[in-house]
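Asker: Got a structure for you, written out below as structure tokens; questions coming shortly.
The values are calculated or read from the model by the stated rules, or taken from the named source; none is laboratory data. What you are looking at is a predicted structure, and each value in this text was computed from that prediction instead of being measured. Reconstructed Cβ throughout: ideal geometry from the backbone, glycine too, with neighbour counts over all protein chains shown.
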Amino acid sequence: MPYINIKVTREGVSSAQKAALIQGATDLLVRVLNKEPATTFVVIDEVETDNWGVAGETVTVRRQRARAAADGSAP
């Protein structure tokens with residue numbers, strides 16, 4: 001009974017994209033490990049960017065800095 005947990009930042013992942021992730025992850029376990037789709041569980045957790053950190057800072061801060069650089073307003 002495989003259990004797959006996919007974590008993504010909460011930034012507009014559509015229902016169609018989630019369905020594709022669930023189908024793709026299930027297909028992968030069927031193909032690679034010969035698991036039964038009926039007993040393969042996939043859970044997608046959406047995490048606020050304030051609650052996800054990379055390199056010592058939140059994703060929120062990283063996204064703000066990237067936007068500012070793209071807009072030319074970064075120092």
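Asker: Report yes if some residue within segment 16-31 is surrounded by 11 or more Cβ atoms within 10 Å (Cβ to Cβ), of a type in the set (Gly, Ala, Ser), in contact (Cβ under 8 Å) with a residue 12 or more places away in the chain and in a helix (DSSP H, G or I); otherwise report no.
Answerer: Taking every residue of segment 16-31 in turn, at least one turns out to be surrounded by 11 or more Cβ atoms within 10 Å (Cβ to Cβ), of a type in the set (Gly, Ala, Ser), in contact (Cβ under 8 Å) with a residue 12 or more places away in the chain and in a helix (DSSP H, G or I).
Asker: Which numbered condition in (1) free of Cβ contacts under 8 Å to residues at least 24 places away in the same chain; (2) surrounded by 11 or more Cβ atoms within 10 Å (Cβ to Cβ); (3) β-branched (Val, Ile, Thr) is the only one that THR40 fails?
Answerer: That leaves (1) as the condition not met.
Asker: Looking at ALA68, is it more than 13 Å from TYR3 (Cα to Cα), hydrophobic (A, V, I, L, M, F, W, C), loosely packed, with under 12 Cβ neighbours inside 10 Å and out of contact with any Cys (no Cβ under 8 Å at 6 or more places or on another chain)? Don't jump to the end; show me each part of the working.
Answerer: On the way: more than 13 Å from TYR3 (Cα to Cα): yes; hydrophobic (A, V, I, L, M, F, W, C): yes; loosely packed, with under 12 Cβ neighbours inside 10 Å: no; out of contact with any Cys (no Cβ under 8 Å at 6 or more places or on another chain): yes.
No; evaluated as a whole, the condition is false for this residue.
Asker: Evaluate the following for LYS18: is it basic (Lys, Arg), under 14 Å from the mean Cα position of the chain (by Cα) and modelled with pLDDT of 95 or more?
Answerer: Criteria met by LYS18.
Asker: Does segment 51-59 contain at least one residue that is part of a strand (DSSP E or B), without any contact (Cβ under 8 Å) to a residue 24 or more places away in the chain, among the polar types (S, T, N, Q) and in contact with a helix residue (DSSP H, G or I) (Cβ under 6 Å, 6 or more places away or on another chain)?
Answerer: yes
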